[in-house]
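The values are calculated or read from the model by the stated rules, or taken from the named source; none is laboratory data. Since the structure is predicted, the reported quantities are computational estimates derived from the model, not experimental observations. Here the Cβ positions follow ideal geometry from the backbone for every residue, glycine too, while neighbour counts run over all protein chains shown. We work out accessible area using only protein heavy atoms, side chains counted, and drop any ligands, DNA or RNA first. Shrake-Rupley method; radii C 1.70, N 1.55, O 1.52, S 1.80 Å.
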Amino acid sequence: MASTGMQIFGFVLALLGIMGAMVATVLPNWKVSADVGSNIITAISQMQGLWMDCTWYSTGMFSCTLKYSVLSLPAYLQTARTTMVLCCVLAAMGLCLASLGLKCTRWGGGRRSKRHAAIASGGCFVTAGFLCLVPASWFTNEVITNFLDSSVPESNKFEPGGAVYVAFVSAGFLFMGGCIFCMSCSGKRHGPQDMVLLPPPDKLLLKQQQQQQLLQQQQQQELQHQYCSLSPLDNKTGYSLQDYV
């Protein structure tokens, strides 16, 4: 029961992780304009994400521009796109395998196949967490390095946005969910619970022997019944033969 509860807890953490990773992938605020120097009194707030750049005006208008050209993007942004998409795909595969490897479910085969599915799902979650952590760390490093560069004008300085923090939290959830799934089925367990899904050979042999005995008894009863039904005729014919003699 304890391992089953831990698996459910890990499944919930992994589900939160994939939801956070998907939200972070589409959010446009991976970095936001920093309020320093003359930017404090500016009437424009800029945000940049993996797929679009958005601008928020003081009048309440909000406009976004998609990043169509992939080759014109910097290396860290291209890497962030690729790794976040792979993170979502691997996490989704991990959820499918985890649903088969949960001990509280009936589908997924026997105990051994469930154990393998749980370990595979844990590996998918850990890998997805790593893929989510790499772009968040690289993106944060580039933003901070650009912010501390004195040659960059203050109007072009940005700071990490909310999407980066969502990606960090999602990576942590995926790591924890993957570790829980891997540890819940890490070793072999012996005992009566391991034989729940296995057919009991002794009972099968006893049933087969009982069925054979029943068949033999039925055959013997049928033979006796046939003999009893024929014996009076034989006696009569015997008496008639003696009369003739």
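So the values come out like this:
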{"quantity": "Order of exposure, largest accessible area first, which applies to L73, L206 with probe 1.4 Å", "calculated": "L206, L73"}
{"quantity": "Inter-site label distance for L73 and V89 at 7 Å from Cα along Cβ, in nm", "calculated": "1.5 nm"}
{"quantity": "Of every Cα-Cα pair in segment 1-122, the percent that sits beyond 17 Å", "calculated": "67 percent"}
{"quantity": "Heavy-atom accessible area ranking, 1.4 Å probe, most first, across W51, W56, W30, W107", "calculated": "W107, W56, W51, W30"}
{"quantity": "Theoretical gain in end-to-end length, Y165 to S45 [0.36 nm per residue, Cα-Cα removed]", "calculated": "41.3 nm"}
{"quantity": "For V26, solvent-accessible area (1.4 Å; no DNA, RNA or ligand), Å²", "calculated": "100 Å²"}
{"quantity": "Whole-Å semi-axes of segment 84-152's equivalent ellipsoid (Cα gyration tensor)", "calculated": "40, 8, 7"}
{"quantity": "Cβ-derived FRET efficiency at R0 45 Å, W107 paired with Q219, nearest 0.05", "calculated": "0.55"}
{"quantity": "Solvent accessible area, Å² - I180, 1.4 Å probe, full protein context", "calculated": "30 Å²"}
{"quantity": "M22 accessible area, 1.4 Å probe, all protein chains in place, Å² to nearest 10", "calculated": "110 Å²"}
{"quantity": "Most to least accessible of K103, K67, K207 (protein chains only, probe 1.4 Å)", "calculated": "K207, K103, K67"}
